Amino acid sequence: MSGVLTRYCETLRGRSVAVLGAGVSNKPLITLLLKNGVAVTVRDASGAEKFPAELLAGWTAQGAKLRLGEGYLEELTEDVIFRSPGVMPHTPQLARAVKVGSVLTSEMEAFMALCPCPITAVTGSDGKTTTTTIIAGLLKAAGYKTWLGGNIGTPLLDKVEEMAAGDKVVLELSSFQLMTMPQSAQVAVVTNVAPNHLDKHTDMDEYVAAKENVFAHQGVQGKVVLNFDNAITRDFAQKAPGQVVFFSRQVGLEDGVCVRDGAIWRKGVKVLDLSGITIPGAHNVENFMAAIAAVEGLVDDETVRRFAGEFGGVEHRIELVREIGKVRYYNDSIASSPSRTIAGLRSFDRKVILIAGGYDKHIPFDVLGPEVVAHAKRLYLTGDTAQKIRRAVEGAAEFDPAALPIVETADLREAVEAAHRAAEPGDVVLMSPACASFDRYKNFMERGEAFKAMVAALPER
């Protein structure tokens, strides 16, 4: 593979290149392009003050042009445009550039084109990070050199020359990354599809079409793992070019992966007792089923069982933060959609004290209301969506204000402190927002870290 990146950059020399977004995934790309003599304009919505001065000075010293802050997309006329996931293809300036001849690509699209080893790609509305982590962990436990990337792990394009044909790559891919993806991984996994990111996508059809792209470009040798219990993903099977493997928690499948008699079975063979899965929740059973289907033929069942017993989950995903006076506090900041919060609520064997609310992605909360009524004993709401969630809960048929007090708070800290005062021994306090974090925090990780710091500061009882 020596020189593959140099040869790729040679195809870009003599052409103007724009990199939209100078975040984590694109910084190594910018460095790679500049090192190989490509004419780069770095465009980012953040102003220069948001970047380390030495970073910008280094880029300009290598010939980069900077277009930062307001108006960063003005005069977007470069021959090749690397889009960050946060810049939608239908952004007017970007759409105009493509219409007049600019080539649209991304760091991830370039990586998938150059990667020398098999790729497993995971997408879905919920569970994709945990499923991706499980698949990578299983492959690593089976002895493969495994690379983890996409929305999780580190950018991989600049690592291509370190990879060998026998390695394995596991990617978590968002709908934003998949929208313009011209190829698919050898193995694709779709955990589920439910309304999400409708503040960014033009409509649900566009969102679903993006998810389909994870397998749409496979050949007959490709494999896609689909959730049989989700109507949208079940219908994806009709469009799959290659092998389809279903997993189901609700239906016994003779030729797929399913739950029966307290265990996960694959094609009629018992693989893993549910009691052997350390992380809680029915949704994590589904994550393991998807992973078991994805690694079939690569990881033996004993390795699966050993890994399941040792795997403690992923940060910000029903993460036990602290126990104070026999009250357990869980961080589920990843829950940026109603379906994700519903899965979190169903993970516990008792009614919880729920903290929810955040940025408005224009997702309906109707389905969340009855689940909160069924699984919560107190509800603290904060953020832009507090009123919307309140209406959904109070509109649920079984809602009883005496049984489920609802309190709106000014911010997350006030909600945490109020929950702490109300909690009794044996209670669970769950921060599972059902919303994105952008009204108060940069991302769900920052929100989760803030919650953990707030819980750490609570006094002993």
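The values are calculated or read from the model by the stated rules, or taken from the named source; none is laboratory data. If you're wondering where the values come from, they're calculated on a predicted model, not measured in any experiment. As a convention, Cβ positions derive from the backbone with ideal geometry for all residues, glycine included, and neighbour counts pool all protein chains shown. Keep in mind that these areas ignore ligands, DNA and RNA; they rest on the heavy atoms of the full protein, side chains included. Shrake-Rupley method; radii C 1.70, N 1.55, O 1.52, S 1.80 Å.
One decimal place: the segment Met204-Arg350 gains 49.2 nm when fully extended, by the rule 0.36 nm per residue minus the C-alpha distance.
Using the Cα centre as the reference, give the magnitude of the dipole from point charges on the C-beta atoms of the stretch 135-263 (Lys, Arg: +1; Asp, Glu: -1; all else neutral), rounded to the nearest 20 debye. Walk me through the numbers before you get to the answer.
Values: 11 positive and 15 negative charges, 64 e Å.
Taking the Cα centre of the stretch 135-263 as origin, the dipole is about 300 debye.
Per-residue Karplus couplings for the stretch 245-257, computed as 6.51 cos²θ - 1.76 cosθ + 1.60 with θ equal to phi - 60°, are listed in order as 10, 8, 10, 8, 8, 9, 10, x, 10, 6, 10, x, 10 Hz, Gly and Pro entered as x. Distance from the C-alpha centroid of the stretch 141-171 to that of the stretch 47-64: 29 Å, rounded to the whole angstrom. Each residue, Asp360 and Val251, gets one label point 7 Å from its Cα in the Cβ direction; the gap between the two is 3.8 nm.
Taking amide H as placed 1.01 Å from N in the peptide plane, the amide H of Asp273 sits under 5 Å from that of Ile264, each at least 5 places away or on another chain. Scalar couplings 3J(HN,Hα) for the stretch 396-403, obtained by applying the Karplus form with A = 6.51, B = -1.76, C = 1.60 to θ = phi - 60°, are 5, 4, 9, 5, 10, x, 6, 8 Hz; x denotes Gly and Pro. Once C-alpha pairs closer than 8 Å and six or more residues apart are averaged by separation and normalised to the residue number of the stretch 1-91, the relative contact order reads 36 percent.
With a Förster radius of 41 Å applied to the C-beta separation of Arg413 and His217, the computed FRET efficiency comes to 0.30. Evaluating 6.51 cos²θ - 1.76 cosθ + 1.60 at θ = phi - 60° for every residue in the stretch 155-162, the Karplus couplings come out as x, 10, 4, 6, 9, 4, 6, 8 Hz, glycine and proline recorded as x. Computed over protein heavy atoms with a 1.4 Å probe, the carbon and sulfur contribution to the accessible area of the chain reaches 51%.
Helix-derived [θ] at 222 nm for the chain: sum -39500 (n - 2.57) over DSSP H runs of at least 4, divide by residue count, nearest 500?
Only helices count here, giving -9500 deg cm²/dmol.
The Lys159 and Ala402 beta-carbon pair, evaluated with R₀ = 60 Å, returns a calculated FRET efficiency of approximately 0.55. Charged side chains reduced to their Cβ positions (Lys and Arg at +1, Asp and Glu at -1) give the stretch 204-342 a dipole of some 200 debye around its Cα centre. Short-range pairs are left out: with C-alpha atoms under 8 Å and at least six residues apart, the relative contact order of the chain is 11 percent.
Farthest toward the positive end of the dipole of the stretch 65-168, out of Thr133, Trp147, Met108, is the Cα of Thr133, where the dipole comes from beta carbon charges about the Cα centre. Each residue, Val4 and Ser275, gets one label point 7 Å from its Cα in the Cβ direction; the gap between the two is 4.6 nm.
A dipole drawn for the chain from +1 and -1 charges on Cβ atoms has a positive end, and of Pro338, Ala263, Ile30 the residue lying farthest that way is Ile30. The slack between Asp167 and Thr60, meaning 0.36 nm per residue of separation minus the straight C-alpha distance, is 34.9 nm.
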